[in-house]
Structure formats: C-alpha cells, structure tokens
Amino acid sequence: MEDILARHNVTVTGRADGPPVVFAHGFGCDQHMWRFVAPAFEDAFRVILFDHAGSGSSDPSAYDAARHGSLQGYADDVLAICRALDATDVVFVGHSVSAMIGVLAEVAEPERFSSLVLVSPSPRYLDDEGYVGGFDEADIREMLDSLDSNYLGWSSTMAPVIMGNQERPELSAELTDSFCRTDPHIARRFAEVTFTSDNRADLGQVRAPVLVLQCTSDAIAPVSVGQYVADAVPHGTLVMLDATGHCPNLSAPEQTTAAIDRFVRGDALVG
Amino acid sequence: MNSQTASEAFYAALLEDDPERLYERAPCGYLSTTPDGIIVKANATFLDLTGYDREELVGRRTFAELLTAGGRIYHETHYAPLLHMQGTVREVTFDLVRADGERLPVLVNAAVESDSDGAPRVVRVAVFDATQRRAYEHELLVAKQRAEQSEARAQALARTLQSTLIPPSPPELPGLEVSAAYRPAGDGEEVGGDFYDIFQVGQDDWVVALGDVCGKGVDAAVVTALVRYTIRALSMQREQPSEVLVALNDVLLAQGTDRFCTVALARLRSAGGTWSATLSSGGHPLALHRGQGGAVLPVGQAGSLVGVLEVVDTHDHVVELAPGDVLVLYTDGVTEGRRGREFFGDERLRRSVQQHADSPLPAESILADVLDFQEGSARDDIAVVAVRMPVVPPASAVHQQVREESPS
C-alpha cells in the first residue's frame, strides 16, 4: 500500500477529513503543473497530487512497458492510488491526456468518483470520419519520428536548468529538476499511447457529472473537441476559459481555479 | 589625438552603432511575442531564415503556428509549461516550417519579461539555424543505432558460439548419472574460455572433457572450438587420455596460436556392469573423487599446460567407480570464486562436493554454492561436470525425472 504512494510520488495536503480531490498531470510534465491551482482547494479538500509512471519524480520501477502500453494502465494506477489512500467520492481533475485517464478510471469504478473535471481534454487526437481531432496520421507520425530523431535533444532538453525565478521566488525553491524530465524512451511510448488513443466510446459510459474546461485557442485540443466531450458524456458542462494554449492551469490559473471551484463547491452544496 | 583617446572614440562609436541595425541584423533570428505566443516583432534575420514577410507574421501568427505538428505538441506539453514555470527555456530543438513549406531545424532560447507586478509581458525568442548541427546529430543517431544493432548481433553470435561449446544438456550414459553446470562470467555477453564436452567413443566407452582456454571472446572461442573437436577426433583413435593430451598439444603448437589451455579428461569405460574412469590432467585442477570412505580427494597428477611446451608431461590414473562414487571435474572459476579478498578455495569445494554428492544434480548444486559465495555474480567462467555411479542402477524413469529438474 505504502509502496504505490512512494512509487508515484504521491503528496497529500489540505484537510485530512475533507472530500478528496485528485489532480492528474498530462503528457510532458509532472504534478508541478498544478502548482497554481491545487493550493486553492486545501482549505476544504484533501488534495492529492501524484506523478504518472515514467514522469516527474515517479520511481522508474513504477513504469511497465506492457501495463502502460494503454491508457487503461494509467487509469489502473489512479485507482490503485485512490484505494491506497482509501479515497472515495473523489473529485478527479485531469489535464490533457489525464482527462481520458480519469474517464477510464471512472468507467471502471464509478462508485469511487463524485465528479470529473477535464482540463483541455481530447478523446482522440487523430481526425476521423465526421470527427476533427486536430491531427492527421502524418502529423502524429512526424511527432513520433521527431521523438526518435530528436531524442538527443529530447533526452536532456528540458532537464537541466531550473533557474531562479525572481517574479515567483516560491517556485525556485520548490521545483525539482524533474519537471518535464522524462526518459526519452518512456516519453516516446507515452506520446504514442496518448496520441493514438481513441476513447470516444468511453465517454458515454461516464456516470459522474463532468466539467470540461476549454481554452479558446488550443493547438492540441481544439474547441470543437472540448465541445464534443461535453456533449458525449451524459452529464457534461463546457466552460470556456479566456485563455490560449493547452495549459490553462499554468497560463490562466485564476480562471481555472475559479471554474473548478464553482463546479465542485456548487456540487457539494447541492449534494 | 593620442592613441588612447582614439581607441576610446572607436569603442564609443561601436556603442553608438544603430540599435535598430544591431537588432535587425543580429546573427540569429529574433522574435518578440505576447505571453500567448502571438508574434509582435521579428528581426530581418528571422525573416531571411524563414522566408516570411513581416506582414505575414506580426500580429497574425503565433510562434507555435510556425512549427511542425510534432513541434507544436512539444511546444504545448514541454516548452510552454517550462516557460511559465521558470521564465526561460534554453536549447530547445524545433523544426520551423518556412514560407516555402521547407523545414528549418532550429535551436531556440526564450525568456519571459514580466512587468512590475510579475505578470508576463513579452516573450523574447532567439532562433538559431541548426541545420548542420541537426545533420550531425542525425549522423550520430544513425551511428548509435548501428552500434546498438552490431552489439545485438555480437551478443547473439556470442550466445550461439557459446552454445556450440557447451552441450545444452549432458547426454544420458547407461548406468551412470552425469550432471553438468556452466555459468559464464559477469553478464554472460562475452564468450568465455571454459568448455566441457561429453561424448561417446564406442560401446560403453565415453569421454568427459572439461577445460579452460586462456582469454575470452571470439579469439578464445576459435581455439576452444579447435580444442573441443580435436579432443573428439583424437579420442576416437587413442585409448589413453594422456595420449590425447600429447596429440592435442602438438595440434595447438602447429596451429601457431599463442593461446594455451588446461584440460581435464576422463575416459569412462564399462565392463561387466562396473565402470572405471581413466583420468588425465593437462595443467588442469585435478578431478575430485568421493569414494567409499566418504572422503573427497583429488585424483591423479597434474601434467603440463597444453599448447605451451614441445614436450609435455602427462599421466593417466584409473579409478574404479563403486556404487555411490562421484567424480567432479571443474574449472578454476570454482576455487577462484571470490568474496572480497577471500577465495572459495579447495576446502569449500571439497565440503560442497561432500554435501551434494548424493543430491539429484550435484554439478548444479556446487555451482549454486560458488555463486552464493560470490553473491550471485561470477567473476570468471565456471564449469562443473559430475559423474555418479548410482547405488542402485537407475531405472530410466528415475533418471528421466532427475533430468527434467534441470533448468536447461
């Protein structure tokens, strides 16, 4: 039980007796992605952060090429973490690929979740008949090839310099150099699993209420995709954030926090 | 005007160089973008590199839009988060899509400038043409892949070679129990110099050969193969193991290799249901015999190394194998197994033979003891062959069962 918490670098803050909220980071970085959002929930919630296998400060042994060859493996990790923490009625907040990881976890164990917040989600990145994911096969192939051919760059690119940040001094002290550092082989595999997945059929199975947070201009998950997700889940709401890019948790943390806050605390009142 | 004031004037003139020109003609592409990435300023070098007109970019395009699809994903999942979190990124590799659709490999440094409240105001992006560097990296990558493939092939070759030098499992001898164990040094990716062989010469006439060719790797393996098959051929024509060693010595000298070896030979013959072993050693640790008294003793007399001297000293020693007797042939990887400064040594080996002489697979058990002593990792190749005369001649079913327990 303890092992899995250490393996995924799980951190728990906030009120021990509060309802649990799990923040899951997307492809590329680690739990620090939630640095400007998660603390706002510590007053009333039990705030749970973790690093996916193969990301951030997770234990290298947590990654298993077979288990993590599909998003279901990552969803199983989320469930195992929740079980280890005895967390029920979980509010799951998933960014990017973790949105679909949350969907899969909820479909597998609906009783464990009270609601899902999907930040910049996409159930399928590839275009399909009658569906615009934003990328065609060649784009994804190029991205995967670039992981291969670039891995000289990818392996060390982002790794090293966590520099002093005078505007946000609190960051420098806290940030480990693991942010955005991933084993290039795992990064490539995670990218492949992420960008070739198709979870459209899973959306209809979600029982919990779902909040979709969508940026106005997102190069990875276009607005139409966010709308698709909100429409496809049985109880979905789309909230547009006046922000651009794929990471409103970094670029527009106040708006992101406020939208999640309205959704989960509103729920709490209603529930 | 003296020379000092002249140089001061010169430096002053440099400092007053047109800032616009410094910017426009800087030896790198230079962009300024809003925190959202919309290009608000681009220098002439950037326009030259990419082939865009200023009007096509400024206020119209984001930096990410100039990247390939793969690059955009990287931009959103790595570059932008890092820029947000730490305010700078350095040496990020991207491909820019030029106005003509061609790809331009670039290295990018970027820094966020914030206003007095700490809110990001502008992102400054320096773009370096990395065409040659990328071509070089590509060559490195191809070379690395080739090296990895070669290594995989070499390992496969080593394993194949090794398997030709070590029988996958010992053959069954009528009325004798033979077990064998082998463990290459380290991770086993290099062909070791140890070998053993068990083969039939005639009716109730068998040979066990076990030896150690000096050195490792393919060169040693070539000699090992020569030694192994020469012993096979010579044993067909010569009765005594000592004669085989003498002839083997001649063959190795004639071969002109500077590699030599040590060999232990046991010729096993059966007459009237009893087996005897004729043993000879060419510079090899003497075989151990657990006889009727229960003591474990070396048998015979060590002869010369094989493949060094013109004239060699060899001896034969005959042991009658009574029911329960065990003969153990081994290489020096056993006794020279080390833990710190301590060797496994003759005494531990004798105790190990004593302890396992009656176990189903003595050779495997002795190997396990040596590996335990070395905490699992063998510093040298280890080969062990044990021959046992069963107390009750083995029914084939019993023998079969023993064999099935063998991991090989």
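Every number in this text was worked out from the coordinates using simple rules, so none of it is lab data. Quick caveat, the model's predicted, so the values are computed rather than measured. Every residue, glycine among them, receives a Cβ derived from its backbone with ideal geometry; neighbour counts consider all protein chains shown.
The table for this structure:
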{"read-out": "Sequence of B:His75, B:His315 once ranked by neighbouring C-beta atoms within 10 Å, starting from the fewest", "value": "B:His315, B:His75"}
{"read-out": "Estimated dipole of chain B in Debye, rounded to 20 [Cβ of Lys and Arg +1, of Asp and Glu -1, Cα centre]", "value": "420"}
{"read-out": "For A:17-27, mean number of other protein chain Cβ atoms within 10 Å", "value": "1"}
{"read-out": "Cβ-based exposure ranking for B:Glu336, B:Glu190, B:Glu342, B:Glu375, in which fewest neighbours within 10 Å come first", "value": "B:Glu375, B:Glu342, B:Glu336, B:Glu190"}
{"read-out": "Fluctuation leader among B:Lys216, B:Lys144, B:Lys41 - chain B, Gaussian network, Cα springs under 10 angstrom", "value": "B:Lys41"}
{"read-out": "Phi-based couplings in Hz for segment A:4-12 (Karplus 6.51, -1.76, 1.60; Gly and Pro marked x)", "value": "5, 5, 5, 4, 9, 6, 6, 10, 10"}
{"read-out": "Unit charges at the beta carbon, dipole of the protein assembly as shown: most positive-side option, A:Phe135, A:His185, B:Val391", "value": "B:Val391"}
{"read-out": "Whole-Hz ³J(HN,Hα) from phi, Karplus 6.51 cos²θ - 1.76 cosθ + 1.60, for segment B:319-325, glycine and proline x", "value": "10, 7, 9, 8, x, x, 6"}
{"read-out": "Amide H contacts of B:Trp275 (H built 1.01 Å from N, under 5 Å, at least 5 apart or other chain)", "value": "B:Leu321"}
{"read-out": "Amide H within-cut-off set for A:Gly14, under 5 Å, with H built and near neighbours excluded", "value": "A:Val47"}
{"read-out": "Calculated Rg and Dmax of segment B:86-167 using C-alpha coordinates, Å", "value": "23.3, 78"}
{"read-out": "Only Lys, Arg (+1) and Asp, Glu (-1) charged, at Cβ; the protein assembly as shown dipole about Cα centre in debye", "value": "820"}
{"read-out": "Under-5 Å amide H pairs with A:Leu238, H placed in peptide plane, nonlocal only", "value": "A:Val212"}
{"read-out": "Approximate shape of segment A:9-108 as ellipsoid semi-axes (Cα gyration tensor, √5λ), whole Å, largest first", "value": "21, 14, 12"}
{"read-out": "Given charges at Cβ of Lys, Arg, Asp, Glu: the protein assembly as shown dipole, positive-most of B:Gly303, A:Asn9, A:Cys247", "value": "B:Gly303"}
{"read-out": "Average beta carbon contacts from partner chains per residue of B:63-75, 10 Å cutoff", "value": "6"}
{"read-out": "Dimensionless Rg/Rh of the protein assembly as shown - Kirkwood Rh, Rg from C-alpha atoms", "value": "1.18"}
{"read-out": "Fewest-first ranking of B:Val227, B:Val296, A:Val93, using other Cβ atoms within 10 Å as the exposure measure", "value": "B:Val296, B:Val227, A:Val93"}
{"read-out": "Whole-Å distance, taken between Cα centres, linking segment B:167-189 and segment B:305-352", "value": "16"}
{"read-out": "Relative contact order [Cα under 8 Å, 6+ residues apart], chain B, whole percent", "value": "12"}
{"read-out": "Per-residue average of Cβ from other chains inside 10 Å of B:133-145", "value": "2"}
{"read-out": "Highest-first arrangement of B:43-56, A:224-237, where packing means the average Cβ count within 10 Å", "value": "A:224-237, B:43-56"}
{"read-out": "Choice from B:Leu286, B:Leu309, B:Leu22 showing the highest fluctuation, given a GNM over chain B with Cα pairs closer than 10 Å", "value": "B:Leu22"}
{"read-out": "Choice from B:Ala12, B:Ala26, B:Ala363 with maximal GNM fluctuation in chain B (Cα, 10 Å cutoff)", "value": "B:Ala12"}
{"read-out": "Rounded Å value of the spacing that divides the Cα centres of segment B:99-119 and segment B:143-163", "value": "44"}
{"read-out": "Charged-residue dipole, Cβ positions (Lys, Arg, Asp, Glu), segment B:104-179 about Cα centre, Debye nearest 20", "value": "280"}
{"read-out": "Percent of alpha-carbon pairs separated by more than 21 Å within segment B:6-143", "value": "47"}
{"read-out": "Phi to ³J(HN,Hα) by Karplus 6.51 cos²θ - 1.76 cosθ + 1.60 over segment B:114-121, Hz, x for Gly, Pro", "value": "10, 7, 5, 8, x, 7, x, 10"}
